[in-house]
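Written below as structure tokens is the structure these notes are about.
The values are calculated or read from the model by the stated rules, or taken from the named source; none is laboratory data. For clarity, every value in this text was computed on a predicted model and none was experimentally measured. Reconstructed Cβ throughout: ideal geometry from the backbone, glycine too, with neighbour counts over all protein chains shown. The area values use the complete protein model at the heavy-atom level, side chains included, leaving out ligands, DNA and RNA. Shrake-Rupley method; radii C 1.70, N 1.55, O 1.52, S 1.80 Å.
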Amino acid sequence: DGEGSRPNDYNRAIYKDTLINVVTETHYEPHWNKYHHIFLSEKTWKPIICKQAFIIIGPKHTLKYLKELGFKTFDHLWDESYDNCDSHNRLYIALNSLYNTINGYTIDELNRATIDVRKHNLNHFKSIRESMIKTCT
């Protein structure tokens, strides 16, 4: 969004009317994560702070790691099996899943179906904010 690299530095005009964010994390390729460390940048935290649903195109098991941190994802709505995929087709699989889901709901239905998870994630982020912001450069 061009506003900065901290979670609270975001262009409010871009985020205020958006329900779902497709996050393309910085370190996607396996060789950037050769020690199995998953780096979550502000690209992941901004949608959480803005109470958006998300699909994250990042290293394998990024969603699994978020769940281990106590966050919830949207696996009750769309297929998140792409998170386990070694393939370079991960982006295609994720976006195809989201596309198929979006076509089955209205915006109001998606809003209602995701609101509890979105609220949980924002509240959880607030509770662990200091340790998570330290991960952002």
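Structure summary
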| quantity | calculated |
| --- | --- |
| Scope the stretch 57-76; condition in contact with a Phe, Trp or Tyr (Cβ under 8 Å, 6 or more places away or on another chain), over 14 Å from N121 (Cα atoms) and part of a loop (DSSP other than H, G, I, E, B); matching residues | G58, P59 |
| Positions within the stretch 49-60 being over 15 Å from W78 (Cα atoms) and surrounded by fewer than 23 Cβ atoms within 10 Å (Cβ to Cβ), in sequence order | I49, C50, K51, P59, K60 |
| Enumeration of residues in the stretch 61-109 that are of a type in the set (V, I, T) and surrounded by fewer than 15 Cβ atoms within 10 Å (Cβ to Cβ) | T106, I107 |
| Every residue from the stretch 77-114 that is within 16 Å of the chain's Cα centre (by Cα), closer than 23 Å to I38 by Cα, among the hydrophobic types (A, V, I, L, M, F, W, C) and assigned to a loop (DSSP other than H, G, I, E, B) | W78 |
| Failed condition for N121, given (1) under 15 Å from V22 (Cα atoms); (2) surrounded by 18 or more Cβ atoms within 10 Å (Cβ to Cβ) | (1) |
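For (1) modelled with pLDDT under 75; (2) open to solvent by 60 Å² or more (accessible area, probe 1.4 Å), each residue gets a yes or a no:
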| site | (1), (2) |
| --- | --- |
| E3 | yes, yes |
| N8 | yes, yes |
| N11 | yes, no |
| Y15 | yes, no |
| N21 | no, no |
| E25 | no, no |
| Y28 | yes, no |
| L40 | no, no |
